[in-house]
Amino acid sequence: MSRAQHDRMANAIRALAMDAVEQAKSGHPGLPMGAADIATVLFTQFLKFDPSDPKWPDRDRFVLSAGHGSMLIYALLHLTGYEAMTLDELKRFRRLHSKTPGHPENFITPGVETTTGPLGQGIANAVGMAIAERHLNAIFGDVVDHRTYVLCSDGDLMEGISQEAIALAGHLKLNRLIVLFDDNGITIDGKLSLSDSVDQVKRFESAGWHAERIDGHDPHAIAAAIAKAQKADCPSMIACKTTIGFGAPNKAGSEKSHGSPLGADEIKGAREKLGWPHEPFVVPDDILGDWRTAGQRSRDARKAWDRKLASLAPEVKSEFERRIRGELPKALSDAVKSVKETLAKSPKDIATRASSEFALEGLVPAVPEMVGGSADLTGSNNTRTKSMKALSASDYAGTFINYGIREHGMAAAMNGMTLHGGIIPYSGTFLVFTDYCRPAIRLAALMGERVIHVMTHDSIGLGEDGPTHQPVEHLAALRAIPNLNVFRPCDAVEAIECWELALRAKDTPSVLALTRQNLPQLRSGYTADNLCAAGAYEIMGVDGDNVDVSIFATGSEVAIAVEAAQLLNRQGKPARVVSVPCFELFLSLPAEKRHPVIGGAEVNVAVEAGIRQGWDAIIGSDGVFVGMSGFGASAPHKDLYGHFGITPEAVAAKALAKFRPR
Ligand SMILES: Cc1ncc(C[n+]2csc(CCOP(=O)(O)OP(=O)(O)O)c2C)c(N)n1
Ligand SMILES: [Mg+2]
């Protein structure tokens, strides 16, 4: 391609970006204008994609980690011929129901691989995608054979999560991962030198990456660097020195072009400077034609891939397709049944983290797309089953990832694996460290991605490690995230039921909050139905019709509630117990299903070793709450339950005190 042709194509991106931002009266023109040369080289010479099938499983993934530069990807999707990305959509940038929201949303815009905007997430998602690619390649062969490209900004690389992602990618030698760094030395406050002096090339090199610095406006240098990166035996980072807002006569090179419309005069000047005389939103036919041709570049590769897929053994092909569709195997139901039958025959009075491991021993062989892991707490989280091999640089077929002490990077990489497709990732760490994963969990919920977080040591019940490790507000904080299912099973039977629900929730992430301490198995008989599916159900009823007290509890506190109910029964106050393994499932039921479970007792009590927030929806604001109102303490767990008054005796006493004197 001639330099002139390259420039015209790149300028089409610049013009569309500045015009759309101007029309929306908001947005970020600086990045698309600065990174247009990088994107043009990537999309016209390297990226493997098929605009007519945005979900082609073997496409290269392109992650715009710097999501504020959304107009860059919208312009590219339009220019290369993605049907949904019409010129009208560009004109409706940032408007309600447009395909061009302020930051890229994968569930709105075909061709957008992941939702970005919170800086640092995209690069960590990309690491997960690159892991997924190598893993599935190891299992299915060359039918999975693509690259993951990231465009990231200064902000992406300043966020702590980027270090976790980079270190993991370097360690796993993910050579199909190529990061293009928009090295413009500008952030919102001004020059990057105000707040940063890291040598990013050295930083990446020290993490095991190939890294180099180039002129990000020189198409030959960009192409040469990408070609070199494609041959590297490790991940690559190309620091592309660019000018933010390239082409704007006064605002280029300045933070003034980062996040607001350039204004009519500046746009006029930019049109002159770039030699782009066309009206707003007009891309001349010859330039659009060149872009559309670029969009067809991977046609042959696509056809070759179709043949490759067709040549697979039928059972391999159908298994690959099943996994990519995200459909669960038929074997799941039998695996769940078998675990439940075993528990009915020989009950287990064990911690729910161990119950979860017992469940996994049955589930993992039945659902081979499960890829587990832990952020360096494998032995505590019980997330590794006996048969699981480690996924490593020397064996990508392994299904257990030692994430290292990188909770945030782990959660974001898991999002990337799910987005890639073909994998159901699950994690492990302590529940208190959901705080360290929260931004990624929130994005999984927003995107509607099936990721499963096994979070153990879920209350003061962890004991001696003390208040730094004891979650108190975490269940409430997680329940506050829309479209996240927070499960807190009370025993081994609920553990397998909650696992099944988490696996079947295709568009919803799950957190499984599990205990360190042992618990009795309260569900003794075999029930074919998944009782946890209703979110709450009566686990202990009353003899006769009269109910004075309903006690609601989750997890480790259900056993306490059962004992409290027995005490109340003995004192002439018939009491029932409702286990509430999942608020979200319960509260989503219609009133006629919820009301019988809540019942009409004179006194409602909730028991949970966390804060009250959220419980009023079930027990009402006059309900009695037994739980925590401050931080925990360091002591053996039984002492802590006594100290904080979460005991059967305390529950019974508080319930009795609530009755009106007759
Ligand atoms: C986690 C997070 N913090 C803050 C922001 C707000 N924000 C958006 S872009 C940006 C930094 C801009 O600098 P850079 O990343 O270099 O992008 P450029 O201006 O060069 O396009 C900030 C602070 C964000 N999107 N995500
Ligand atoms: Mg910058």
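The values are calculated or read from the model by the stated rules, or taken from the named source; none is laboratory data. Everything numeric in this text was worked out from a predicted model, so none of it was measured. A quick note on method: Cβ atoms are made from the backbone with ideal geometry, for glycine too, and the neighbour counts reach across all protein chains shown. For accessibility, only protein heavy atoms count, side chains too; no ligands or nucleic acids. Shrake-Rupley method; radii C 1.70, N 1.55, O 1.52, S 1.80 Å.
Where in the chain is the longest stretch that carries no GluC sites (Glu not before Pro) classed as loop by DSSP and with at most 14 other Cβ atoms within 10 Å? Could the numbers behind the result be given before it?
Details: sites that count: Glu83, Glu327, Glu464, Glu602.
Between the exposed loop sites, the longest stretch runs 84-326.
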Share (percent) of C-alpha pair distances in the stretch 34-75 greater than 12 Å works out to 65 percent
Excluding residues fewer than 8 positions from Lys638 in its own chain, the aspartates and glutamates with Cα under 12 Å of it are Glu464
Relative to the compact-globule estimate 2.2 N^0.38 Å (N residues), the Cα gyration radius of the stretch 194-339 stands at a ratio of 1.66
Using the Kirkwood radius over Cα pairs of the stretch 204-277, the Stokes-Einstein translational diffusion coefficient at 10 °C and 1.306 mPa s, in µm²/s and rounded to a whole number, is 111 µm²/s
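Just to check, using Stokes-Einstein with a Kirkwood Rh over alpha carbon pairs, what's the diffusion coefficient of the stretch 346-494 at 37 °C and 0.692 mPa s in µm²/s?
209 µm²/s
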By the Kirkwood definition, with r running over pairs of different Cα atoms, the stretch 375-463 has a hydrodynamic radius in Å of 13.5 Å
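Per 0.36 nm of contour for each residue apart, how much would the distance between Ser380 and Arg504 grow if the chain were fully extended, relative to their Cα-Cα spacing?
On the way: separation 124, 0.36 × 124 = 44.64 nm, distance 2.54 nm.
Working it through step by step, the gained length comes to 42.1 nm.
Just to confirm a number: summing +1 for Lys and Arg and -1 for Asp and Glu over residues other than Lys256 whose beta-carbon lies under 15 angstrom from that of Lys256, what do you get? If you can, show how the numbers build up before the last one.
On the way: positive: Lys191, Lys251; negative: Glu22, Asp189, Glu255, Asp265, Glu266.
Neighbourhood net charge equals -3.
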Surrounding charge for Leu77, neighbours by C-beta under 11 angstrom, Lys/Arg +1, Asp/Glu -1, total -1
Per the helix-only model, the chain has a calculated mean residue ellipticity at 222 nm (DSSP H runs of ≥4, -39500 (n - 2.57) each, divided over all residues, rounded to the nearest 500) of -13000 deg cm²/dmol
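Please report, as a whole percent, how much of the solvent-accessible surface of the stretch 452-518 comes from carbon and sulfur atoms (probe radius 1.4 Å). Each step should come with its number before you reach the end.
Values: 730 of 1540 Å².
On the stretch 452-518, the fraction of accessible area on carbon and sulfur atoms equals 47 percent.
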Whole-Hz Karplus couplings 3J(HN,Hα) for the stretch 168-180, θ = phi - 60° and coefficients 6.51, -1.76, 1.60, Gly and Pro as x, run 5, 5, x, 4, 7, 6, 7, 6, 8, 9, 10, 9, 9
Listed by chain and number, the lysines with an alpha carbon less than 19 angstrom from that of Lys173, same-chain partners under 8 positions apart left out, are Lys202, Lys228, Lys231, Lys389
Violations at 20 Å Cα threshold for listed pairs Lys191/Lys256; Lys317/Lys506; Lys25/Lys268 -> Lys317/Lys506
Taking a straight Cα-to-Cα line shorter than 13 Å from Lys48, and setting aside same-chain aspartates and glutamates fewer than 8 residues away, one finds Asp58, Asp60, Asp145, Asp300
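Within the P(r) computed for the stretch 552-652, what percentage of the Cα pairs occupies the region above 18 Å? Could you put the intermediate results ahead of the total?
On the way: 2394 of 5050 pairs.
Everything past 18 Å amounts to 47 percent.
Using the Cα atoms as the points, what is the convex hull volume per residue of the stretch 473-590 in Å³?
On the way: hull volume 15.1 nm³, N = 118.
Enclosed volume per residue, from the Cα hull, is 128 Å³.
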In nm, the gap between the two label points placed 7 Å beyond Cα toward Cβ at Asp543 and Asp218 is 8.9 nm
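To the nearest 20 Debye, how big is the dipole of the chain about its Cα centre, given +1 on the beta carbon of each Lys and Arg and -1 on that of each Asp and Glu?
Working: 70 positive and 79 negative charges, 111 e Å.
That gives a dipole near 540 debye.
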Here, Ser621 and Ser634, labelled 7 Å along Cα→Cβ, have an inter-label distance in nm of 4.0 nm
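Explain nothing, just the number: relative contact order of the stretch 397-547, from Cα pairs under 8 Å at least 6 residues apart, as a whole percent. List each step's numbers first, then the result.
On the way: 225 pairs, mean separation 33.5, N = 151.
Here the relative contact order equals 22 percent.
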Computed from every Cα-Cα pair in the stretch 272-327, P(r) in 5 Å bins starting at 0 and rounded to whole percents is 4, 14, 13, 13, 11, 8, 8, 9, 8, 7, 4, 1
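Contour minus end-to-end for Gln613 and Asp145, with contour as 0.36 nm per residue of separation and end-to-end as the Cα-Cα distance?
163.7 nm
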So, relative contact order of the stretch 558-647 in percent, Cα under 8 Å, 6 or more apart, is 22 percent
Charge dipole of the chain built from unit charges on the beta carbon (Lys, Arg +1; Asp, Glu -1), centred at mean Cα; most positive-end Cα among Ala561, Ala366, Gly466 is Ala366
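Of all DSSP beta bridges located in the chain, what percent are antiparallel, nearest 5? Spell out each step's value before the answer.
Values: 6 of 58 bridges.
For the chain, the DSSP antiparallel bridge percentage is about 10.
With +1 on each Lys and Arg Cβ and -1 on each Asp and Glu Cβ, and nothing else charged, work out how big the dipole of the stretch 485-549 is about its Cα centre, in Debye to the nearest 20. If you can, show how the numbers build up before the last one.
Working: 5 positive and 10 negative charges, 94 e Å.
Using Cβ point charges on Lys, Arg, Asp and Glu, the stretch 485-549 gives about 460 debye.
Within 10 Å of each candidate Cβ there may be at most 12 other Cβ atoms; applying that plus a DSSP loop requirement, which chymotrypsin sites (Phe, Trp or Tyr not before Pro) in the stretch 562-646 survive? Provide the component values of the computation, followed by the final result.
Values: sites: Phe583, Phe586, Trp615, Phe625, Phe631, Tyr641, Phe644; in loops: Trp615, Phe631, Phe644.
Passing both the DSSP loop test and the Cβ count: Phe631.
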So, relative contact order of the stretch 334-477 in percent, Cα under 8 Å, 6 or more apart, is 20 percent
Note to self: C-alpha centroids of the stretch 492-568 and the stretch 398-413 sit apart, in Å, by 30 Å
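With r as the distance between the Cβ atoms of Ser333 and Ser588 and R0 = 22 Å, compute the FRET efficiency 1/(1 + (r/R0)^6) and round to 0.05.
With R0 = 22 Å, the Cβ-Cβ based efficiency is 0.45.
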Under the 7 Å Cα-to-Cβ spin-label approximation, Asn518 and Ser26 lie apart by a distance in nanometres of 5.7 nm
Length gained if Glu361 through Ser206 is fully extended, taking 0.36 nm per residue and subtracting the Cα-Cα distance, is 52.0 nm
Rounded to the angstrom and largest first, Cα extents along the principal axes for the chain equal 90, 56, 45
